[in-house]
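Presented below is the structure to which this report refers.
Values quoted throughout were computed directly from the atomic coordinates according to the rules given, and no laboratory measurement underlies them. Everything numeric in this text was worked out from a predicted model, so none of it was measured. FYI the Cβ positions are ideal-geometry reconstructions off the backbone, even for glycines, and counts take in every protein chain you see.
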Amino acid sequence: MGILLGRYEFEGPFSRLETIREEPGMYAIISYHEGNIELLDLDHTDNLLSAIEEHVSYDYWTRHSPGIVSVIVHYLPRMSLTRRQEVVDELLLEFDGTFAAACLTSA
């Protein structure tokens, strides 16, 4: 099952990080609670696994979020760093800084 974030289909959700590949792409950290999905963070990186493992807030969210915290990823092996940043910025503009369950839908 994928999750649509804007017009991009993300793989996951993953609660076990070792299933995430060391490839370029975008990631979103989400929390599932009482039937709602909240987007906690959205970014891009050259190495998805390392970026998520080293994310400053990931461990905090997994310990303190009232919901189940997991990660969704969208692999972009051929997209340039500049274009990945543009896509992330596009998604952030689409959500206008408001991360709510209505923005995330199952594909």
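Any chance you could check the Cα centroid distance between the stretch 34-75 and the stretch 18-32 for me, in angstrom?
7 Å
Given a Förster radius of 25 Å and the C-beta distance between Ser57 and Thr82 as r, what FRET efficiency does 1/(1 + (r/R0)^6) yield to the nearest 0.05?
Numbers: r = 25 Å, r/R0 = 1.01.
So the FRET efficiency works out to roughly 0.50.
Evaluate the Debye formula for the chain with equal point scatterers sitting on the alpha carbons, no solvent, and hand back log10 of I(q)/I(0) at q = 0.21, 0.24 Å⁻¹, in q order, two decimals.
Results for the chain at q = 0.21, 0.24 Å⁻¹ read -1.18, -1.53.
Taking DSSP loops as anything outside H, G, I, E and B, show the longest stretch in the chain free of GluC sites (Glu not before Pro) there with at most 16 other beta carbons within 10 Å.
In short, 55-107.
Quick one: which residues, 5+ away or cross-chain, put their amide H under 5 Å from the amide H of Leu40? H built at 1.01 Å from N.
Ile29, Ile30, Ser31
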